[in-house]
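The values are calculated or read from the model by the stated rules, or taken from the named source; none is laboratory data. A quick note: this is a predicted structure, and the numbers were derived from the prediction, not measured. Cβ sites come from the backbone with ideal geometry, for glycine too, and all protein chains shown count toward neighbours.
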Amino acid sequence: MSLYTEILARLQGATGPDENLDVLIENALGVARFERDPRIGFGDADYNRVPAKPLTASIDAALDLLEEKLPGNDSTLELCGSRGAKFSLYAGFDDLPYDGISTMRCPEGACLAILIAIFTALKNEEAQP
């Protein structure tokens, strides 16, 4: 199972924000950030990981990642409400074969749907020869 497939399965099973999943996503996509400890000289610099962006909790962070990893793709986000307390958010790309659905309370559902869309598209791109 590829790392994208593993992360996609975790996203589809997520029920809300998950800091461990945020770290896993940043590591997998190579967007983790590190800062040098200013108390140590440059020759022996010690780098510490900056806390992961709240990708599973922030729509802005999820959309920023979308633009960074899949620039120029026209994305479609459609929010469908119901009489209950839950909403469905469909996220997809006009140029890529994808359907992503996350049904849960917003905004967490929106974040997860965007991340599911990103990882589905990356998995599909990875599978193409």
Top-ranked residue in the stretch 3-13 [being under 12 Å from the mean Cα position of the chain (by Cα) and hydrophobic (A, V, I, L, M, F, W, C); ranked as surrounded by the fewest Cβ atoms within 10 Å (Cβ to Cβ)]: L8
Residues satisfying the stated conditions in the stretch 3-34, i.e. among the hydroxyl-bearing types (S, T, Y) and part of a helix (DSSP H, G or I): Y4, T5
Index of the failed condition, N48 passing every other in (1) surrounded by 12 or more Cβ atoms within 10 Å (Cβ to Cβ); (2) outside any helix (DSSP H, G or I); (3) modelled with pLDDT of 75 or more: (1)
Tally, over the stretch 25-38, of residues that are surrounded by fewer than 18 Cβ atoms within 10 Å (Cβ to Cβ) and closer than 11 Å to K53 by Cα: 3
Condition met for A110 (surrounded by 20 or more Cβ atoms within 10 Å (Cβ to Cβ), modelled with pLDDT of 50 or more and assigned to a strand (DSSP E or B)): no
